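Engineer: Dropping a structure here in structure tokens format, bear with me for questions.
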Amino acid sequence: MSRQAGDVDELWAAVADPTRRQVLDVLLAQGEATATTLARELPVTRQAVAKHLAVLDRAGLVESGRRGREVRYVVRPQGLDLAARSMARVAAQWDQRLTAIKQIAESTARAKSRDQTHPDQTKEVSR
Amino acid sequence: MVPERIEREILIEAPREVVWSVITEPEHVGRWFSDSAAIDLRPGGELTLTWDEHGPVYWRVERIDPPRFVSFHWLRGGQGPGDPELNSTLVEFSLAEEGQGTRLRVVESGFGGLAGSEEEKAQDAEEHRRGWELELDELRDYVSVHVRGSGQP
């Protein structure tokens, strides 16, 4: 399980960083952009934007194409979809765990109230 | 967009103390989370949560306020006890009384601090190293020029 988690860790890390989320938002709004045009929209340097773009690229969330001297970036919807699905899977795991917690807690509570209402029977059973 | 945190909740028909024991006691955690659990329930205490098939993962208690709140660092990337939680998500459980029952809420956050950032840290370290190499090269050139210079009659 931890190995599986390791595979999506990079994707989550790429998508969960606040600056990279802004980069993705601006990219989605503009369709395509360069590090320079993105830096104009964001409170970070062009160099920082370039680093974030490299992380997003490695995680498969953006793709780049060279046009003349410029490198232009677009969002890869498949990457974003994969990230959304992997997060949904984590949410579903929590739903399963919460459901299991509910079942254990409710059966424990029922057993306790039985003990309180019929203490003699409980003694009978444990004997 | 992709959510940056996960928030789920459930209404449980059981008193808060019972729900608290289910999320903090090893015999229960070994049923709803892993196959077995060892828990040191105090701030900074370790949790070893083991699956028979996959082995252990480690959590560390961040904050505890029984029976209302408890939070854990979920150590990622194969980090073990004793490691600083460089690479972890934060799991927070809140328990609120509601009628005869308990509303249990879980928030998992901090995915932005996972592997990618580690890679960036490594990248930063690499850039620092290269920076130092350049400076050391300059220093060596400087020293060799001056030493040679001073060595000349």
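Engineer: Scanning region A:40-78 for residues that are touching an Asp or Glu at 6+ places or on another chain (Cβ under 9 Å) and in a loop (DSSP other than H, G, I, E, B), which turns out nearest to A:Thr19 (Cα to Cα)?
Structural biologist: Across region A:40-78, the extreme among qualifying residues is A:Ala59.
Engineer: Inside region B:51-90, can you point out the residues that are out of contact with any Leu (no Cβ under 6 Å at 6 or more places or on another chain), under 19 Å from B:Asp35 (Cα atoms) and at pLDDT 85 or above?
Structural biologist: B:Trp51, B:Asp52, B:Glu53, B:His54, B:Gly55, B:Pro56, B:Arg60, B:Phe72, B:Trp74, B:Leu75
Engineer: Here's something else I'd like to know. Confirm whether A:Leu80 is within 8 Å of chain B (Cβ to nearest Cβ), surrounded by fewer than 22 Cβ atoms within 10 Å (Cβ to Cβ) and over 30 Å from B:Leu49 (Cβ atoms).
Structural biologist: Considered against the rule, which asks whether it is within 8 Å of chain B (Cβ to nearest Cβ), surrounded by fewer than 22 Cβ atoms within 10 Å (Cβ to Cβ) and over 30 Å from B:Leu49 (Cβ atoms), A:Leu80 comes out as yes.
Engineer: Within region B:61-93, track down each residue that is among the hydrophobic types (A, V, I, L, M, F, W, C) and outside any strand (DSSP E or B).
Structural biologist: Correct list: B:Leu86 only.
Engineer: Tally up the residues in region B:60-85 that are among the aliphatic types (A, V, I, L, M) and touching a helix residue (DSSP H, G or I) at 6+ places or on another chain (Cβ under 7 Å), please.
Structural biologist: Residues that pass the stated criteria total 1.
Engineer: For B:Arg60, which of the numbered conditions (1) surrounded by 15 or more Cβ atoms within 10 Å (Cβ to Cβ); (2) within 11 Å of chain A (Cβ to nearest Cβ) fails to hold?
Structural biologist: All conditions pass for B:Arg60, except number (2).
Engineer: Just checking, which of A:Arg69, A:Arg89 is farther than 27 Å from B:Val106 by Cβ, more than 9 Å from every other protein chain (Cβ to nearest Cβ) and surrounded by fewer than 17 Cβ atoms within 10 Å (Cβ to Cβ)?
Structural biologist: A:Arg69
Engineer: Another question about this same structure. Given the options A:Thr108, A:Thr37, name the one that is within 10 Å of another protein chain (Cβ to nearest Cβ), out of contact with any Gly (no Cβ under 9 Å at 6 or more places or on another chain) and assigned to a helix (DSSP H, G or I).
Structural biologist: Result of the check over A:Thr108, A:Thr37: A:Thr108.
Engineer: A:Gln47 passes all but one of (1) polar (S, T, N, Q); (2) more than 10 Å from chain B (Cβ to nearest Cβ); (3) closer than 29 Å to B:Trp51 by Cβ; which number fails?
Structural biologist: (3)
The values are calculated or read from the model by the stated rules, or taken from the named source; none is laboratory data. Since the model is a prediction, treat every value here as computed from it, not as a measurement. Please note: Cβ atoms are built from the backbone with ideal geometry, for glycine as well, and neighbour counts cover all protein chains shown.
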